[in-house]
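Just so you know, all these numbers are worked out from the coordinates, no wet-lab data involved. Quantities reported herein were computed from a predicted structural model and do not represent experimental measurements. In this analysis, Cβ positions are derived from the backbone assuming ideal geometry, glycine residues included, and neighbour counts consider all displayed protein chains.
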Amino acid sequence: MYLYSRLLLLLSMMSLPIYFAPLQGYTDAVYRRAHASLFGGVAAYYTPFVRIEKDDFRRKDLCDIAAENNEGVEVVPQAIASEPDELRRIVDKIASCGYHRIDINLGCPFPILARRHKGSGILPYPDEVERLLKPLEEYADLAFSVKMRLGWESPGESLRLLPLLESAPVRQITLHARLGKQQYKGVPDVESFARFYEECRLPLVYNGDLATVDDMVVLERRFPRLAGLMVGRGLLAAPWLAEAYACRGVMPQDRYERVARLHERVAEEYKTVLQGEHQWLARMAEFWEYLLPEADRRLKKRVLKSRDEREYTEAVRTLFLSMKEKATAG
Ligand SMILES: Cc1cc2nc3c(=O)[nH]c(=O)nc-3n(C[C@H](O)[C@H](O)[C@H](O)COP(=O)(O)O)c2cc1C
């Protein structure tokens with residue numbers, strides 16, 4: 001195992017860094033810790049955004065970034081805000097937890113936030129973006145990155161922001177190749193990403209719909225100056241994807257055994273933090289939402305429809321058994 005992880009580290013250094021995208025409700029500290037201990041190939045895990053709500057931090061957000069809940073995992077916490085003072089408060093809080101890298105969310109498409117010019121809702125307003133990012137100049141010892149979309153309404157918005165981002169203390173940009181108004185619909189607009197790539201002098205990370213090693217290799221070849229790839233739902237579906245990319249498409253043979261262990265750890269940990277069977281089953285249903293799309297649909301449905309822990313455990317056992325049989329046969 002030691003030799004394998006050394007080899008993997010070496011191989012990862014020969015390909016683009018892979019960043020695990022933040023996914024609110026999915027990639028919390030419990031999931032990130034379990035994933036990092038069982039699968040390789042991820043350079044850093046971005047956290048779902050920390051925000052201020054009713055003039056205060058959410059306990060859930062602070063718990064998610066607390067150092068003791070992220071031991072041994074390379075984590076980049078993310079902040080979302082529309083006002084400079086609001087951003088300053090979040091940055092101070094994140095820095096007080098011991099972090100030196102902070103990502104700023106200019107990409108969230110949720111209408112409630114976007115209407116308040118947060119996330120991708122701020123992209124059409126360069127003056128507001130400039131004002132928002134101004135306080136970052138006060139933190140010489142912190143490294144900031146930005147995660148954004150092509151725009152809210154049109155891809156011209158990100159291009160218009162580029163000079164401003166390049167003169168702000170921003171060290172890296174991750175660009176999700178969609179518009180805010182699209183939410184998650186349609187396909188990523190790779191041609192608009194290409195125009196941004198041509199203009200951008202900052203390290204640039206591609207994000208959007210990378211589901212297979214082939215998808216990743218196509219991007220890496222088309223954009224040789226990329227600083228990395230960010231993958232979200234693809235890694236939730238195939239937790240070994242970053243590792244398979246580092247190994248140039250060779251799938252880890254024990255991938256389903258490791259997914260089973262990932263499940264076991266996550267399920268056990270949620271039992272200690274969630275209250276009652278109902279909450280636990282709901283959280284586990286989310287865990288399965290994107291996981292293993294290649295699994296038998298009937299078996300997956302049984303997992304999702306389980307009414308109690310006993311039914312759930314039996315349904316999961318049957319599903320993993322079928323996956324192992326599939327892997328041995330194939
Ligand atoms: C349920 C869900 C929650 C998300 N939460 C966040 C978030 O907190 N911060 C963020 O920057 N992006 C968030 N995203 C966007 C993802 O990080 C990513 O940009 C998007 O899913 C596209 O990448 P993918 O196709 O690899 O999943 C979220 C996406 C989904 C589907």
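The table below gives the values:
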| read-out | value |
| --- | --- |
| Among the candidates S82, S167, residue that is out of contact with any Cys (no Cβ under 8 Å at 6 or more places or on another chain) and within 18 Å of I52 (Cα to Cα) | S82 |
| Only listed residue being touching a Lys or Arg at 6+ places or on another chain (Cβ under 9 Å), among the acidic types (D, E) and more than 16 Å from the ligand (Cβ to nearest atom), chosen from E268, E264, E198, E257 | E257 |
| Filter result for the condition that a residue is among the aliphatic types (A, V, I, L, M), more than 27 Å from G249 (Cβ to Cβ) and assigned to a loop (DSSP other than H, G, I, E, B), over A95, A81 | A81 |
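Quick grid of which residues meet (1) of a type in the set (G, A, S); (2) within 13 Å of the ligand (Cβ to nearest atom); (3) not in a loop (DSSP other than H, G, I, E, B):
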position: R6; (1), (2), (3): no, no, yes
position: G25; (1), (2), (3): yes, yes, no
position: A36; (1), (2), (3): yes, no, yes
position: K60; (1), (2), (3): no, yes, yes
position: E71; (1), (2), (3): no, no, no
position: N105; (1), (2), (3): no, yes, yes
position: P109; (1), (2), (3): no, yes, no
